[in-house]
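Student: Have a look at this one before I ask anything.
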Amino acid sequence: MVSCHRNVYKSFETLRDAFAGLKAKDAILDGEIVALDSSGVSQFKELLNRRGRAVFFAFDLVWLDGVDLQ
């Protein structure tokens, strides 16, 4: 996982494992990583402190297996 500023994420192991299970050879997904509280509300402080369950919300599939989808 790489941020829009090209920072490679070394945490969020659960999300990395989930992405590794995708059938795509290579893909670019535009989205947001959030930490949700028990009511489903995003809690930015929890995300910064790597607490709670990280969830990825995809907004767009930009690239898939060599094809630019923009």
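Student: Counting just the residues of the stretch 9-42 that are touching a residue at least 24 places away in the same chain (Cβ under 8 Å) and among the charged types (D, E, K, R), which one comes out nearest to V67 (Cα to Cα)?
Tutor: D26
Student: Would you check if there is a residue in the stretch 55-69 being surrounded by 10 or more Cβ atoms within 10 Å (Cβ to Cβ) and part of a loop (DSSP other than H, G, I, E, B)?
Tutor: Yes: the stretch 55-69 contains one or more residues that are surrounded by 10 or more Cβ atoms within 10 Å (Cβ to Cβ) and part of a loop (DSSP other than H, G, I, E, B).
Student: Check whether at least one residue in the stretch 26-39 is loosely packed, with under 10 Cβ neighbours inside 10 Å and modelled with pLDDT under 90, and report yes or no.
Tutor: Yes, there is a match, as at least one residue in the stretch 26-39 is loosely packed, with under 10 Cβ neighbours inside 10 Å and modelled with pLDDT under 90.
Student: Can you tell me which residues in the stretch 43-54 are surrounded by 15 or more Cβ atoms within 10 Å (Cβ to Cβ) and either farther than 20 Å from H5 by Cα or in contact (Cβ under 8 Å) with a residue 60 or more places away in the chain (or both)?
Tutor: Correct list: Q43, E46, G52.
Student: Related question: Working only within the stretch 1-21, note down all residues that are part of a loop (DSSP other than H, G, I, E, B) and surrounded by 10 or more Cβ atoms within 10 Å (Cβ to Cβ).
Tutor: Listed by number, the residues that qualify are M1, Y9, S11, F12.
The values are calculated or read from the model by the stated rules, or taken from the named source; none is laboratory data. Quick caveat: nothing in here was measured; it's all calculated off a predicted structure. Backbone-built Cβ (ideal geometry, glycine too); neighbour counts: all protein chains shown.
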